[in-house]
Amino acid sequence: MLPSFFESVLQLIVRTSTDLPPDVRAAMKTALDAEPAATRSAQALTIIAQNIDLAADAEGAICQDTGMPTFEVHVPIGANQVWMRQQIREAVKEATRRGKLRPNSVDSITGKNSGDNLGPGTPIIHFDQWERDEIEVKLILKGGGCENTNAQYAVPVELAHLGRADRTLEGVKKCILHAVWNAQGKGCAPGAVGVCIGGDRTSGYTHAKEQLFRTLDDVNPDPRLAELEASIMATVNNLEIGAMGFGGKVTLIGCKIGALNRLPASFFVSVAYDCWAFRRLGVVLNASSGAIERWLYRDPSHPIIPMLDQAGFTRTGREVALRAPLSEAQVRSLHVGDVVLISGRIFTGRDAVHSHLMKHEPPVDLRGSVLYHCGPVVVKEGETWRITAAGPTTSIREEPYQGEVIARYGVRAVIGKGGMGAKTLSALKEHGAVYLNAIGGAAQFYARTIERVDGVSLLDFGTPEAMWHLTVNEFPAIVTMDAHGNSLHKDVEQESGEHLAAIGG
Ligand code: SF4
């Protein structure tokens, strides 16, 4: 067999999870330079840039959500795909054991996490044959937050702020703009979209995701699609959704469009949204040994250029220092736009914990607590745990539960990303609590604010879903929903809706 194949795939996984490709780095650098200093978006992009540098230096996961590993493999005719599939699965398992991938494979019936990223449908591996005497393996790691913002339109369709989208390229443009607007900060903007015009519901989404294997700076060989991509990129940033949906000049870093034939009765526009943590790499392997002959998307002979030439997140002196547990008076004194630095004990909790709290008492006293929407990457070292990546997860999934959790158990602050809805906003006001937005994907940055892991509850849910008890030191976050009924997310959605009507209507 191919003696180096396993090691080559393992290297590919580790590099993809920890080091963004040069085209994405360049686009994020341009985004950083475009935002005026001291704006919320610029602050968010500075933390993102610092996080990208930290991840590459320490070979740590760029984002704690290492997503659905999706492999596209080209092999010479006659290659043993059964053996290769098994080796790729073993490499995924090993990368998970080393903490480079978070265990992300969950049984959809029982909710049990397999713990090693293996299970029916995970990882995704597609094989194709070609007539070249070499093996190509490409990998994309696309997380759940941005996956949840994917959209598929059956055209013609009526769209908010845009009116009717017809079966024309103008109609397709409306669908793409609508999908980006709808994502707001939930998919960790600034993101990139892969789009498929046509196909059926299944092939449309597959082809849309395949577009994300193109580099951000390429030019579509089809001049009609090249023009559409350019037209989207020329206007989409006028939406002013900005980094993390904070409002700002850069909303999208790339738009890549493909087309498939369709049935006469169907016209789908499928949009695959990827976040700024756009992790995609590839390798070409020797067909006899499986050794890496060259990398795709990156040139290892060129040194990695750091994203930041300055200090990174710097204090202005106006930050509000908070030590958990918090009092009602403390949180009621906060307003949208305040930057806080949290120290002391915080608890993680996301989908499984919130659902559990609807029927059971919490395993710890949550009065005055700070609840962090986070599914960290955790490594067990002897009897202790170490968190290697710990950014926020998309909060809107907890909207059905959050208000009640705050009311019942006295939670004073919720940290997450992307904002929450009207029910939570009203609970914040009624019970005296705040929503704090951390920067999505900045997993290395936030992991460094964790002083220690004090304990864990509900570990049966799997490491990403368990409730971790953490002591943090000066964890920075921005108040985006306060106890006075204000929500930055609501304001940006409304204002960007008006911009959407102006540019696409
Ligand atoms: S950067 Fe945001 S959307 Fe992307 S994988 Fe991480 S948490 Fe999910």
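The values are calculated or read from the model by the stated rules, or taken from the named source; none is laboratory data. All of these numbers come straight from a predicted model, not from anything done at the bench. Every residue, glycine as well, gets a Cβ built from its backbone with ideal geometry; the counts of neighbours run over all protein chains shown. The protein model used for the area step is the full one, side chains on, heavy atoms only, and it has no ligands, DNA or RNA in it. Shrake-Rupley method; radii C 1.70, N 1.55, O 1.52, S 1.80 Å.
Annotations
- Cysteines without a disulfide-compatible neighbour (Cβ-Cβ under 4.7 Å), the chain: C63, C175, C196, C255, C374
- Cα-based shape type of the range 255-330, given that a ≥ b ≥ c are square roots of the gyration tensor eigenvalues and the cut on a/c is 1.5: oblate
- Loop-located GluC sites (Glu not before Pro) in the range 370-422 whose Cβ has at most 14 other Cβ within 10 Å (DSSP): E383
- The largest accessible area among K490, K173 belongs to the first residue in K490, K173, and the rest follow in falling order (1.4 Å probe, all chains).
- Annotation: peptides 231-237, 136-142, 390-396, ranked by per-residue average of other Cβ atoms within 10 Å with the highest first, follow the order 390-396, 136-142, 231-237.
- Spherically averaged projected area of the range 85-131 from its Cα convex hull (nm²): 3.9 nm²
- With contacts taken as Cα pairs under 8 Å at a separation of at least 6 residues, the chain carries a relative contact order of 19 percent.
- Modelled label reach - M1, point 7 Å along Cα→Cβ, the range 83-100 residues with backbone N closer than 20 Å: 83-98
- Only protein heavy atoms count here; under a 1.4 Å probe, L45 has an accessible surface of about 10 Å².
- For the chain, the carbon plus sulfur part of the accessible surface works out to 51%, probe radius 1.4 Å.
- Spin-label model, A265/E170: points 7 Å from Cα along the beta carbon direction are separated by 2.8 nm.
- Of V320, V82, the residue with the largest accessible area leads and the full order is V82, V320 (1.4 Å probe).
- Measuring between their Cα centroids, the range 405-462 and the range 324-365 lie 5 Å from each other.
- Note on N148 and A291: with the Förster distance fixed at 35 Å, the Cβ-Cβ geometry gives a FRET efficiency of about 0.40.
- Rolling a 1.4 Å probe across all protein chains gives K100 an accessible area of roughly 40 Å².
- Ordered from largest to smallest accessible area (heavy atoms of protein chains, 1.4 Å probe), the residues S266, S17 come out as S266, S17.
- Hz values of 3J(HN,Hα) by residue in the range 416-430 - Karplus curve (6.51, -1.76, 1.60), Gly and Pro given as x: x, 8, x, x, 10, x, 5, 5, 5, 4, 5, 5, 4, 5, 5
- Straight-distance crosslink candidates among aspartates and glutamates, where the alpha carbon sits under 12 Å from K93 and sequence neighbours closer than 8 are dropped: D116
- Stretch gain in nm, segment A37-T384, where the contour uses 0.36 nm per residue and the Cα spacing is subtracted: 120.8 nm
- Solvent accessible area, Å² - C63, 1.4 Å probe, full protein context: 10 Å²
- Radius, Kirkwood style, for the chain when every pair of distinct Cα atoms is counted (Å): 23.3 Å
- A full extension of the chain between Y409 and Q86 corresponds to an added length of 111.6 nm, given 0.36 nm per residue minus the alpha carbon distance.
- With all protein chains kept in place, the per residue accessible area of the chain amounts to 39 square angstrom at a probe of 1.4 angstrom.
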